[in-house]
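Have a look at the structure below, then the notes.
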């Protein structure tokens, strides 16, 4: 099966690390905002939705960009939401960006607000609604490293890989 994974995430959850690990283990690319906006800038696609639909014609991982909603009618798509406790997210941001607790908290709140507004603007839905996802992974409880292993075991069990 040509598995396409969409990964929505709160800021600071470590989802990009999970996506990168899965990419390496599955041998499939990860597409994110930077990649998609670059292709739009090169006029390879007219809209993000067109880009996502085209990219999803082959196995891949798509981070954010409302991909779970854009690809909701496809049978080969697994929609994942990655979350974590606010404090864990702040600590991760502080470590990655070398900033204070207050700066990390502000960045977290602003980024989450922007993502929620973007999602609502493009889908008319509430970002993070559990009904939009097949699986929710909490990196505070499971650990970032374990999440990729959990997903690989799931894919093997269902014979996706």
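Since every read-out is calculated from the coordinates, none of them should be taken as a lab result. Owing to the predicted nature of the structure, the values given are computational and were not obtained by experimental measurement. Glycine gets a Cβ as well: all are built from the backbone with ideal geometry, and neighbour counts include every protein chain shown.
As a test of the formula, what do you get for the chain when each DSSP H run with n ≥ 4 contributes -39,500 (n - 2.57) and the sum is divided by the residue count, at 222 nm and rounded to the nearest 500 deg cm²/dmol? Write down the numbers at each step before the final one.
Working: 8 runs with 86 residues, N = 161.
Result for the chain: -16000 deg cm²/dmol, rounded to the nearest 500.
Order by neighbour count: 137, 96, fewest other Cβ atoms within 10 Å first, most last. Present the calculation step by step, with values, prior to reporting the outcome.
Details: 137 25, 96 11.
Fewest-to-most Cβ neighbours within 10 Å comes out as 96, 137.
Over segment 4-157, what is the mean sequence separation of C-alpha contacts under 8 Å (at least six apart), divided by residue count, expressed as relative contact order in percent? Walk me through the intermediate numbers first.
Working: 203 pairs, mean separation 50.8, N = 154.
Taking the mean separation of contacting Cα pairs over the length of segment 4-157, I get 33 percent.
What FRET efficiency, computed as 1/(1 + (r/R0)^6) with R0 = 22 Å and r the Cβ-Cβ distance, is obtained for residue 142 and residue 113, rounded to the nearest 0.05? All intermediate terms of the calculation are to be shown ahead of the outcome.
Working: r = 26 Å, r/R0 = 1.16.
The calculated FRET efficiency here is 0.30.
Cut-off is 10 Å between beta-carbons; in what order do 144, 5 appear when sorted fewest neighbours first?
Numbers: 144 20, 5 29.
Arranged by neighbour count, lowest to highest, 144, 5 become 144, 5.
Hey, fewest Cβ within 10 Å first, where do 140, 8, 100 land in order?
On the way: 140 16, 8 26, 100 11.
With the sparsest Cβ surroundings first, the list reads 100, 140, 8.
Given the options 130, 34, 77, state which has the largest fluctuation in a GNM of the chain using a 10 Å cut-off (strictly under) for Cα springs.
For the chain, modelled as a Gaussian network with Cα springs under 10 Å, the answer is 34.
Based on alpha-carbon centroids, what's the gap between segment 9-58 and segment 94-161 in Å, whole number please?
Here the answer is 15 Å between Cα centres.
So, R0 is 22 Å and r is the distance between the beta-carbons of residue 20 and residue 76; what FRET efficiency does that work out to, to 0.05? Kindly include the intermediate steps, with their values, before the conclusion.
Numbers: r = 21 Å, r/R0 = 0.97.
Plugging the Cβ-Cβ distance into 1/(1 + (r/R0)^6) gives 0.55.
On full extension of the chain, what length is gained from residue 125 through residue 40, given 0.36 nm per residue of separation minus the C-alpha to C-alpha distance? If you can, show how the numbers build up before the last one.
On the way: separation 85, 0.36 × 85 = 30.60 nm, distance 2.43 nm.
Gain in length upon complete extension: 28.2 nm.
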